[in-house]
Amino acid sequence: MGAQKSIHAGNAKIDFNVDFTHKLCAALMLHSSRNTDSPLSLVIGSLCIKHPNLFGKSEKLDVLWDKGLYDSNVLIAYRKPRPEWLSQQSFSIQHSVSPEIGVHGVPVDNYSRSGSGGVNLCRFSAGLDLSEPASSNWSSKTSLKFEHVRPINDDGRSISRDLHGFPVTCSGGCHDSMVVIKQESRFAKASEHSFTRFNLQIEQGIPLLSKWLIFNRFKFVASKGIRLGPAFLLTSFTGGSIVGDIAPYQAFAIGGLGSVRGYGEGAVGCGRSCVVANTEVTLPLNRTIEGAVFLDCGSDLGSGRYVPGNPALRHGKPGSGVGVGYGLRFKSSLGHFQVDYAVNAFQQRTVYVGFNSIGS
């Protein structure tokens, strides 16, 4: 059950979507320990408001709201047009609430799933993004943002410690604050038979106040695709590390879809550093269906013990893992539908289902 509606109000366009289906299905299949007394908890959907000419000079205003079963996100972005040869600026304010499954989640069913650890993150951020003009195959973006992170339990109350009594913030209190400068550089090159992509993110925490976090965190993703006759080989390598102050929620979580398939989210490990390698070969079966085989592996490089409270050790995460499997890819005019069947190192089997709409 759901509804979708687009409304034009002058120059503004409002896209409205509300869907009750996922909530009803989940209520039948899963027992939730969360308080669902509020009627709003039954709603899953999104609201999108876009104004292309806010003050008559092509200023763009986007208001996005998404709500899931246990998470929500509100984003307000304002962009003022500038000449193409200058940096494009945008100011954004964001507030989100989401379960912290990657670090504090508890692996179950031989690490194939991750259950809630009772820790959720309430984040508020505000700042400025500067997108540099693209040159050749490179593009870059710099952002300066203030971030406020407040852990809460499943009932929405602020907490400073997890269920085992260990701190969930760097400060030891009920929240962390920081000012972060982030630099992101991207490289992309494609031809008829191959493509190469590289993404590098560097974040620096600036301690404007003595209790604010100071750290340096970097992450990179390198991927290469090559056509081999009718088949297509895709490989990717992901790595990262963080030095300085670290809160548990800043650790690199390994495991899950997009990381090491066959494991639940963060069920392989969570550490100050990580490496993840993915290899996949797809072969067309007909005009709309492709078959795929894949191999994923990842490790925290023994850095899990350097995360405050060592949540990986307390939850029995192995620190490294391998997943193998196969799947199908369906292409249609509406989007791409994907089904993956993965087996982890503990012989536990997991099925992943995903859908990406065209243009998303």
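The values are calculated or read from the model by the stated rules, or taken from the named source; none is laboratory data. Only a predicted model underlies this, so the values are computations on that prediction, with no experimental measurement involved. Don't worry about glycine lacking a Cβ; one is built from the backbone with ideal geometry, like all the others, and counts go over all protein chains shown. Note: accessible area is taken over every heavy atom of the protein model, side chains too, but ligands, DNA and RNA are not part of it. Shrake-Rupley method; radii C 1.70, N 1.55, O 1.52, S 1.80 Å.
Things worth noting here:
- Residue ranges 215-228, 266-279 sort as 266-279, 215-228 when ordered by packing (mean number of other C-beta atoms within 10 Å per residue, highest first).
- Over all other residues within a Cβ to Cβ distance under 13 Å of Lys57, the charged ones net out to +3, with Lys and Arg as +1 and Asp and Glu as -1.
- Sparse packing (at most 10 other Cβ atoms within 10 Å of the Cβ) combined with a DSSP loop state is found for the following GluC sites (Glu not before Pro) in region 50-106: Glu84.
- The candidate values are (i) 41; (ii) 32; (iii) 58; the one derived from this structure for percent of Cα pairs over 32 Å apart carries the label (i).
- Charges were assigned to the Cβ only: +1 to each Lys and Arg, -1 to each Asp and Glu. The resulting dipole of the chain about its Cα centre is roughly 480 debye.
- Between the listed residues His104, Gln348, Ser177, the Cα displaced farthest toward the positive end of the dipole of the chain, a dipole computed from Cβ unit charges relative to the Cα centre, is found at Ser177.
- Backbone N under 12 Å from the Asp109 label point (7 Å along Cα→Cβ), restricted to region 299-313: none
- Extended-chain gain in nm, criterion 0.36 nm per residue less alpha-carbon gap, Phe218 and Tyr306: 30.0 nm
- Virtual spin-label span in nm between Ala77 and Leu285, 7 Å along Cα→Cβ: 3.7
- In the complete set of protein chains, residue-level accessible area for Phe232 is approximately 40 Å², probe 1.4 angstrom.
- Calculated FRET efficiency, Tyr326 to Ser87, Cβ-Cβ distance, R0 = 30 Å: about 0.10 to the nearest 0.05.
- With contacts taken as Cα pairs under 8 Å at a separation of at least 6 residues, the chain carries a relative contact order of 10 percent.
- Mean-position separation - Cα centroids, region 250-304 and region 110-141, in angstrom: 18
- Only Lys, Arg, Asp and Glu carry charge here, each on its Cβ (+1 for the first two, -1 for the last two); on that basis region 219-334 has a dipole of about 160 debye about its Cα centre.
- Taking 7 Å steps out from each Cα toward its Cβ at Arg161 and Phe55 produces label points 5.0 nm apart.
- Put simply, when 111-117, 280-286, 255-261 are sorted by average Cβ atoms within 10 angstrom per residue, most first, you get 255-261, 111-117, 280-286.
- For the pair Thr235 and Ser139 in one chain, pulling the backbone fully straight at 0.36 nm per residue adds 32.4 nm over the alpha carbon distance.
- Counting protein heavy atoms only, region 82-357 has 59 percent of its accessible area on carbon and sulfur, 1.4 angstrom probe.
- Taking all protein chains into account, the per residue accessible area for the chain stands at 55 Å² (1.4 Å probe).
- With a cut-off of 10 Å between beta carbons, the residues surrounding Ser194 carry a summed charge of +2, where Lys and Arg count +1 and Asp and Glu -1.
- Neighbour cut-off at most 14 other Cβ (10 Å), DSSP loop, GluC sites (Glu not before Pro), region 112-213: Glu192
- Filter on Lys50/Lys141; Lys67/Lys211; Lys57/Lys145; Lys60/Lys141; Lys57/Lys331 - keep pairs with C-alpha separation over 30 Å: Lys67/Lys211; Lys57/Lys331
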